[in-house]
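A short reminder: the numbers here are calculations on the coordinates, not readings from a lab. It should be emphasised that the depicted structure is a prediction, and the values quoted were computed from it without experimental measurement. Here the Cβ is made from the backbone with ideal geometry for all residues, glycine too, and neighbour counts use every protein chain on show.
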Amino acid sequence: MKEILLKILEKPEYILALCALIISIISLGLAFYSSYQNRLHNRLGVRPFAYILPKDYEDNIAVIIQNKGTGPLITKTISFCKNGVDNKKYLIDFMPSLNDGYFWSTFSKAQKIILRPSEEKVLIEFSGKLTDNDFKKQRDLIRKALSEIEMNIEYTSIYNEKKPFKLNYKLDWYKREK
């Protein structure tokens, strides 16, 4: 082994070839590492971020899912539970019956939602006039019902991660302390 090493060191073209081989191996390793880092950066660059907007005004109540991330938000499952026991697929199923003449402004029974960045989906909305006392009673019943509900959302990005992101959100924002 020592003799082979001495023969290589005697000729400059062998030294040059050995250095070229070492540099090529290092360059190949750096290329693989750079490719891995670039792929990781691309995945993080399009990450969704689910946000629940509890809209609670005197004349309008709504529950809205927003995508505050930089990539598409794709829901896997959406569920709602009341007091940790009663599970349902749709938020509207927990809401009290509306009196005659009152209607939901909008509600959704969608289980699969895809949101672009900065897009939102209204799950439930109720609007009315402040001069209407019956509307105020309905609004307060809806607030009470919403305050007892917890939302559970599992979502993923366009890369369909093996472990989806999870969001558990209690709608206790609607609770009114007197």
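Projecting the Cα positions of Ile124, Thr156, Leu171 onto the charge dipole of the range 111-178 (unit charges on Cβ atoms of Lys, Arg, Asp and Glu, taken about the Cα centre) puts Leu171 furthest along the positive direction.
Sort Ile114, Ile22, Ile153 by Cβ crowding within 10 Å, fewest neighbours at the top.
On the way: Ile114 15, Ile22 10, Ile153 21.
Ranking Ile114, Ile22, Ile153 by Cβ neighbours within 10 Å, fewest first, gives Ile22, Ile114, Ile153.
The Cα trace of the range 2-45 gives Rg and Dmax of 17.5, 54 Å, the first to one decimal, the second as a whole number. Each Lys and Arg adds +1 at its Cβ and each Asp and Glu adds -1 at its Cβ; summed about the Cα centre, the range 50-174 shows a dipole of about 520 debye.
Using a cutoff of 8 angstrom between alpha carbon atoms and counting only pairs six or more residues apart, the relative contact order for the chain works out to 23 percent.
Can you give the relative contact order of the range 4-108 as a percent, counting alpha carbon pairs under 8 Å and 6+ residues apart? Please report the intermediate quantities before stating the final value.
Working: 69 pairs, mean separation 15.1, N = 105.
Computed value for the range 4-108: 14 percent relative contact order.
Residues whose amide H comes within less than 5 Å of that of Gly71, counting only those at least five positions distant or on another chain, are Arg47, Phe49 (H built at 1.01 Å from N in the peptide plane). Remark: the range 5-21, residue by residue, has Karplus-estimated 3J(HN,Hα) of 5, 5, 5, 5, 6, 6, 9, x, 5, 6, 4, 4, 5, 5, 5, 5, 5 Hz, where x stands for each Gly or Pro and the curve is 6.51 cos²θ - 1.76 cosθ + 1.60 at θ = phi - 60°. In order along the range 86-94, phi translates into HN-Hα couplings of 7, 9, 9, 7, 10, 5, 4, 5, 8 Hz, rounded to whole numbers, per the Karplus curve 6.51 cos²θ - 1.76 cosθ + 1.60 with θ = phi - 60° and x for Gly and Pro.
Just the number: Rg to Rh for the chain, Cα atoms, Kirkwood Rh, two decimals.
Details: Rg = 29.2 Å, Rh = 20.4 Å.
Here Rg/Rh amounts to 1.43.
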